[in-house]
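Okay, so here's the structure we're looking at.
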Amino acid sequence: MITITPAAAEQIKLSAKQNQAEALPLRIAAKREADGSIQYAMGFADENHADDILFKSEGVDIVVTQGSAVLLSGTTMDFVELEQGEYNFIFMNPNDPTYSPVSEE
C-alpha cells in the first residue's frame with residue numbers, strides 16, 4: 001500500500017496534535033490528471049466512507065478510498081527539505097509517469 005517514512009510520520013503526528021486531531025486517521029487521496037500525472041491531497045478524516053481502506057504505517061493510521069489505493073500502491077510518502085528552511089511532503093509513486101526515482105550517488 002503506502003509507506004510513510006519516519007520523518008513524515010513525525011510531522012503528521014505533530015500536525016495532528018496541533019490541530020487536536022490525534023484520534024483521527026490521515027486520509028490520503030489521489031486522482032489521475034488528464035496528462036496522466038497524479039494529484040495528491042491529504043487531511044485528517046472525520047468521517048468514513050463505505051469503500052475506505054484503513055491501515056497503519058510508522059504508527060500513523062491512514063485511510064484511503066479503493067480508487068485512491070490503486071493509484072497509491074507502492075508509494076512512499078516522505079517529509080523533506082526542498083530548499084533551505086522549506087519542508088514539504090513528497091510522494092514517491094512508481095504509478096505516476098512524472099516520477100523519477102532518486103538516484104543514490
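No lab work stands behind these numbers, since they all come straight from the coordinates. Here the structure is a predicted model, which means the values were calculated and not measured. In this analysis, Cβ positions are derived from the backbone assuming ideal geometry, glycine residues included, and neighbour counts consider all displayed protein chains.
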Next on the checklist: Using a Cα-Cα cut-off of under 17 Å, which aspartates and glutamates could be cross-linked to LYS17, ignoring same-chain neighbours fewer than 8 residues away?
Outcome noted: ASP46, GLU58, ASP61
Checklist entry - Could you work out the helix-only [θ] at 222 nm for the chain, with each DSSP H run of four or more residues adding -39,500 (n - 2.57) and the total divided by the number of residues, to the nearest 500 deg cm²/dmol? => result -5500 deg cm²/dmol
Checklist entry - Tell me, what HN-Hα J-couplings in whole Hz come from the Karplus equation 6.51 cos²θ - 1.76 cosθ + 1.60 at θ = phi - 60° for each residue of segment 28-42, using x for Gly and Pro? => result 10, 10, 9, 9, 7, 8, 4, 7, x, 5, 10, 9, 10, 9, 8
Checklist entry - If contacts are Cα pairs under 8 angstrom and at least 6 residues apart, what is the relative contact order of the chain in percent? => result 30
Next on the checklist: Give me Rg/Rg_expected for segment 2-92, where Rg uses Cα atoms only and Rg_expected = 2.2 N^0.38 Å with N residues.
Outcome noted: 1.08
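At a 10 Å Cβ-Cβ cut-off, how would you order LEU14, LEU24, fewest neighbours first?
Fewest-to-most Cβ neighbours within 10 Å comes out as LEU14, LEU24.
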Item to check | Normalised contact order of segment 1-49, rounded percent, pairs of Cα under 8 Å and 6 or more residues apart | outcome: 29
